[in-house]
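Here the structure is laid out as structure tokens; the discussion comes afterwards.
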Amino acid sequence: MYAIKSSALVASILASPVLSLGISLPPLIPSIPGVTEPLASNAPPLPILQLPTPPLASPPFTSSDIKPKKIGYFWTGSGDKLHADFLATYSLDDDTFGTLLWVTDVPTSGNDPHHLGPSLDGKTLIGGGLLSLLKTQDTAYYFDTSDPYRPAFLKSNRAILSSITDEIRAKPDGGFFITYMGSAVGTSPGRLVETDADFNIIHEWPEDVEGTLNILGEQFSPHGLSVDWDHNIILTSDFVVPITILKPTLGIQRANTLRLWDLPTRKILSTITIPEGGGIQDVKFIPGHPESAAIATAVHLGQVWIIYPFRKDADGNQGVAKVLYDLGPKARDTVAIYSDISQDGRFAYFTLTTANHIAALDISDLDNVKRLDDPDEEQPTIGPHYVKLTPDQKHLVVTDYFVQTGEIGVINTPSDYKALYIDVLDDGSLSFNRSIDFTREFSNRGGGKPHSSVVFDLTDPEKPYYY
Ligand SMILES: *[C@@H]1O[C@H](CO)[C@@H](O)[C@H](O)[C@H]1NC(C)=O
């Protein structure tokens, strides 16, 4: 027997003309004739669907009114998965390093904030939610950064055919390309999503028959994404089938492939294979390379490969992959290897997540790659993943958190939840120095799990950098 304690509350509910006791939501995946029917019979059960409870608001925080020239944005999950996921904005200036400027909540929790990216004009950031599917939450979250010191939540959305957002690239027209690693139910194929300048999803590529047959024919789990705007090509790299990291699983399905795309038509030109690659997590064009070469990370092998997109293989297929550098025994099967390359194309950095290690290579001469880190050094990092060189090329921002599915999945990489601000020395090598400790900063919500970062450098007001 329930006793209703507050008769005032009951009275107010009865008196309210707008409050209804029923709600109606559209289905998560709307029906598209000829497209969504196969999902009905091919989709595995979602074993892990969670109650879509609304988030608790962030606890109060102390903001700062300082206006640093260098700003770090960190896309972060609340440790307790009950409080809102949030964007944390920090000073990266030398004299005020690590000062919290602002916390911007999004209307989700437990979404596992993933990659973050800026629009070309720096007025918008987009962050993806890796596990949004599980709570039937949106997958992409937009922030208005017109005032860079006070980001505001703008809107969120989701795609129809695909989910599990990963890499983000700004388009010159103001919109974005985004890799969605899985289908709407987390299986293969995912899609290459495109938005317009208002951040509405306008395409989920490929859309032509040949491309659709390509992605249905061989695992398409696009994670890495790099665009060569000058030579009109895109590379995406296939990592894992997202649903297979969740229980019950027969084992994680890792891919060995990349897709080469024609930028103007958004059509797949070819599939490029790295034999036994075991999850090609990342791919990035080397800035200024005369042949538009790109480097790709093969996680099972612990190797860096080089992709020549305009060379042809023995069968006449466009795109050739060659091993560039073996990062050694510690780098094999480290769950994730993500990368960044200096703007001059000379140095490349790789996070070996479960090896707790960040590797640095001098790639100025691709026939004579030099390793700049000591593979046996014990580094002050646990679970490094996302890595970004600051626009001035003087620091490497690394976030020490990859993915923890908890008991519902099989990926739980240990982390110390720090944002590392590592000094880059003249020869490209690294010197560990400062960090922001998200466990301590956000202890009032079970800590913070910072997956990724964006850095603004407003030192020259005529030439601001958003990266
Ligand atoms: C750490 O960074 C600060 C600020 O740039 C610098 O003054 C200091 O020398 C660095 N410390 C080490 C140990 O590199």
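The values are calculated or read from the model by the stated rules, or taken from the named source; none is laboratory data. In this text, all values refer to a predicted model and were calculated from it rather than measured experimentally. Virtual Cβ from ideal backbone geometry, glycine too; neighbours counted across all protein chains shown.
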Residue that is farthest from D376 (Cα to Cα), among those in segment 304-347 that are touching a residue at least 60 places away in the same chain (Cβ under 8 Å), assigned to a strand (DSSP E or B) and among the small types (G, A, S)
G319
Hand me the list of strands (runs of 3 or more DSSP E) wholly inside segment 372-434 holding 3 or more residues that are of a type outside the set (A, V, I, L, M).
418-424
Here are H300, H289: which of them is under 18 Å from N256 (Cβ atoms) and either at pLDDT 95 or above or surrounded by 17 or more Cβ atoms within 10 Å (Cβ to Cβ) (or both)?
H300
Elements of type strands (runs of 3 or more DSSP E) contained in segment 157-197, each with 1 or more residues being within 17 Å of R254 (Cβ to Cβ):
162-170, 176-183
Failed condition for H395, given (1) under 15 Å from I337 (Cα atoms); (2) within 16 Å of the ligand (Cβ to nearest atom), with all others met?
(1)
Out of the residues in segment 109-123 meeting the condition of being out of contact with any strand residue (DSSP E or B) (no Cβ under 6 Å at 6 or more places or on another chain) and over 19 Å from Y401 (Cα atoms), tell me which one is surrounded by the fewest Cβ atoms within 10 Å (Cβ to Cβ).
D121
Residue hits (segment 429-467; within 16 Å of I358 (Cα to Cα) and within 16 Å of the ligand (Cβ to nearest atom)) are S429, L430, S431, F432, N433, R434, S435
So, first residue at negative phi and without any contact (Cβ under 8 Å) to a residue 12 or more places away in the chain in segment 423-435, second residue hydroxyl-bearing (S, T, Y) and near the ligand (Cβ under 9 Å from one of its atoms), Cβ within less than 8 Å, six or more apart or across chains; the pairs are L425/S431
Matching residues in segment 388-414 - criterion: being out of contact with any helix residue (DSSP H, G or I) (no Cβ under 9 Å at 6 or more places or on another chain) and either of a type in the set (S, T, N, Q) or at pLDDT 95 or above (or both)
K388, L389, T390, P391, D392, Q393, K394, H395, L396, V397, V398, Q404
